[in-house]
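In what follows, a structure is listed as structure tokens, so that the remarks can point back to it.
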Amino acid sequence: MKRIRVIPVLLIHDGGLVKSVQFKNYRYVGDPINTVKIFNEKEVDEIIVLDISATAQNRNPNLSLIKEIASEAFMPLAYGGGVKNLEEIKALISSGVEKVVINAAAIEQPYLIREAAEYVGSQSVVVSIDVKKNVLGKYRVVTHNSRKISNLNPVLFAKKMEEYGAGELFINAVDKDGTYRGYDLTLIKSITREVTIPVIACGGASVLEDFKKAIDYGASAVAAGSMFVFQRPHQAVLISYFSQQELKDKLYKL
Amino acid sequence: MVTIIDYGVGNLTSVLNMFKRIGAEAEVSSDKKTIEKATKLLLPGVGAYDTCVAKLKQSGLMDLLQKKVIDEGTPVLGVCVGMQLLFQGSDEGSLQGLGWIEGRVVKFNDLVFEMGLKVPHMGWADVLQKKNSQLMKEMYPDPRFYFVHSFHAQPANSEDILLEADYGYTFMAAVQKNHIAGVQFHPEKSHKYGMKLLENFAYHFK
């Protein structure tokens, strides 16, 4: 049986846990440490924590908060947000984080990816690529919570990041974020067929079947935010995760 | 007391966090006097095989480890590349490993790619236990562990295999030869299963 990683993504904004819709309209969800504790009890496969205000506010990663989160996470933990130099990457790894997620800095200084891969190993370097369609309907890489739109084609950028030594790519479809409309399968396929490193799909997941589709379109792992922190239809805050039995029966290939 | 050997490779915080949570005494050390007195050793390792071997040599701890483990019989657990170091060598590099267990480390072969799987193998896998071990004492049902690796060890003697897992094909996930053991996965990141294994190492493994 081949297991597939199902990864909750937690967004931190001004120290609290939030959830967005299309990278906007943040809603407070709770305390990050408590939430990680709950996900720990639920034995989630892995967890991605993104401090979404760090880069926007030109702030460094909050190491004391990250250390506290790491000490509660007995599963692989990835951290992203405001990571822009090798010193920070080293500090994050020694704080107990397994993987460092690099976003804006990967565009501004791609050599950082190479340096990071050499120093901490590719397996700990995740490049996160936020993608949005521009006015012409073309996919473009965006940063700063989707406020800065680059001219970069996500497929070419993904290939470049692989060449620079990224161990994984975290692909977030901004237009799908928080919408429960399913993953952007076209985007996923366009990238996964061009790279050999694992791709984590994110943005739009609503039901377990969405995971299966993303995997069929080449993703190696699936991530989601809203479906793990809200209970539909009324969007009440409820931290949840699938049981092992559900994952085995409905997702894993025998 | 578990002494986690710090030879400048990898992140030791997570392992230490896990031992703390279990309530077992553990320390991180690169100091010869401390390691000399160690009653249990944990050998970590991440990254390239040759880098790990080179760093271990630079640390000046090779002879001491040889004496502790081989001459004195101090129990040791290798984790990830630390497990691979227990073998004679790896296809990933040209430097010799510790050679405490016969066999070599090889890359995942083409079967994996043919099945549409990617390398590194990154994720959780169920394991199959091949023999009795104190490390698996009272293990929870359906144990699963978190792996990150492109290479896996192939012991020369199949009786050294403790656990097997599948990724395209069956590979050795854990090895044990008397008081020398190693795991390819990361027990410190494998929930209660890893916690139990480390607890067993701290309290029951001899």
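When only DSSP loop residues count, what trypsin sites (Lys or Arg not before Pro) in the range A:111-184 have their Cβ near at most 16 other Cβ atoms within 10 Å?
Here the sparse-neighbourhood loop sites are A:K138, A:R147, A:R181.
With both partners inside chain A, how many of the DSSP beta bridges are antiparallel, as a percent to the nearest 5?
On the way: 16 of 46 bridges.
Antiparallel bridges make up about 35 percent of those DSSP assigns within chain A.
Place a point 7 Å from Cα of A:Q109 in the direction of its Cβ. Which residues in the range A:73-93 have their backbone N less than 16 Å from it?
Flagged as within label range: A:81-92.
Using 15 Å as the cut-off for backbone N distance, which residues of the range A:230-254 belong to the label zone defined by a point 7 Å from the Cα of A:N34 along Cα→Cβ?
Residues A:230, A:237-240 qualify, since their backbone N sits under 15 Å from the label point.
If you find the alpha carbon centre of the range A:1-26 and of the range B:144-179, how far apart are they in angstrom?
With the range A:1-26 and the range B:144-179 each reduced to a Cα centre, they are spaced 34 Å.
Based on the alpha-carbon gyration tensor of the range B:105-206, what equivalent-ellipsoid semi-axes (square roots of 5 times the eigenvalues) come out, in whole Å, largest first?
Square roots of five times the eigenvalues give 23, 15, 10 Å.
What residue among B:V46, B:V112, B:V28 has the largest mean-square fluctuation in a Gaussian network model of chain B, using Cα springs under 10 Å?
B:V112
How would the range A:12-105 be classified by its alpha-carbon gyration tensor: rounded, prolate or oblate, with rounded meaning a/c under 1.5 and the a/b versus b/c comparison settling the rest?
Numbers: a/c = 1.78, a/b = 1.05, b/c = 1.70.
It is oblate, given that a/c is not under 1.5 and a/b is not larger than b/c.
Under Stokes-Einstein, with the Kirkwood radius over Cα pairs standing in for Rh, what whole-number D in µm²/s applies to the range B:54-158 at 20 °C and 1.002 mPa s?
136
Cut-off under 15 Å on the C-alpha distance; same-chain residues fewer than 8 positions from A:K213 excluded. Which aspartates and glutamates are left, in chain and number order?
The reachable aspartates and glutamates, counting only those whose Cα sits under 15 Å from A:K213, are A:D184.
Taking a spot 7 Å from the Cα of B:H204 along the direction of its beta carbon, which residues of the range B:104-138 have an amide N less than 16 Å from it?
B:129-138
Can you tell me the Rg and Dmax of the protein assembly as shown, counting just the alpha carbons, in angstroms?
Over the protein assembly as shown's Cα set, Rg and Dmax evaluate to 21.5, 71 Å.
What aspartates and glutamates could a cross-link reach from B:K55, if we take a straight Cα to Cα line under 13 Å and drop same-chain neighbours fewer than 8 places away?
Of all the aspartates and glutamates, those that pass the test against B:K55 - Cα under 13 Å, at least 8 places apart if same chain - are B:D6.
Test of understanding: ordering B:S30, B:S94 by Cβ neighbours within 10 Å, fewest first, what list do you get?
Placing the least packed residue first, the sequence is B:S94, B:S30.
Points 7 angstrom from Cα along the Cβ direction at B:L95 and A:K90: gap in nanometres?
1.9
Pulled fully out, how much extra length does the chain show between A:Y119 and A:V237, if you take 0.36 nm times their separation in residues and subtract their Cα-Cα distance?
Values: separation 118, 0.36 × 118 = 42.48 nm, distance 3.94 nm.
Fully extending the segment from A:Y119 to A:V237 adds 38.5 nm.
Report, to two decimal places, the Cα Rg of the range B:34-111 normalised by 2.2 N^0.38 Å (N = number of residues).
Values: Rg = 12.7 Å, N = 78, 2.2 N^0.38 = 11.5 Å.
Relative to the rule-of-thumb radius for its length, the range B:34-111 sits at 1.10.
In percent, what relative contact order does the range B:109-206 have, based on Cα pairs under 8 Å that are 6 or more apart in sequence?
Once normalised by length, the contact order is 31 percent.
Could you tally the net charge around A:S53, taking each other residue with its Cβ under 9 Å from the Cβ of A:S53, Lys/Arg +1 and Asp/Glu -1?
Combined, the nearby Lys, Arg, Asp and Glu give -1.
Do any of A:K90/B:K118; A:K42/B:K189; B:K20/B:K196; B:K37/B:K206; B:K137/B:K196; A:K90/B:K57 go past 18 Å between their Cα atoms, and which?
A:K90/B:K118; A:K90/B:K57
Set the Förster radius R0 to 30 Å, insert the Cβ-Cβ distance between B:Q134 and A:V207 as r into 1/(1 + (r/R0)^6), and round the FRET efficiency to 0.05.
Working: r = 43 Å, r/R0 = 1.44.
Approximately 0.10, to the nearest 0.05.
Computed from the coordinates by the stated procedures, all read-outs in this text should not be read as laboratory data. Since the structure is predicted, the reported quantities are computational estimates derived from the model, not experimental observations. Glycine gets a Cβ as well: all are built from the backbone with ideal geometry, and neighbour counts include every protein chain shown.
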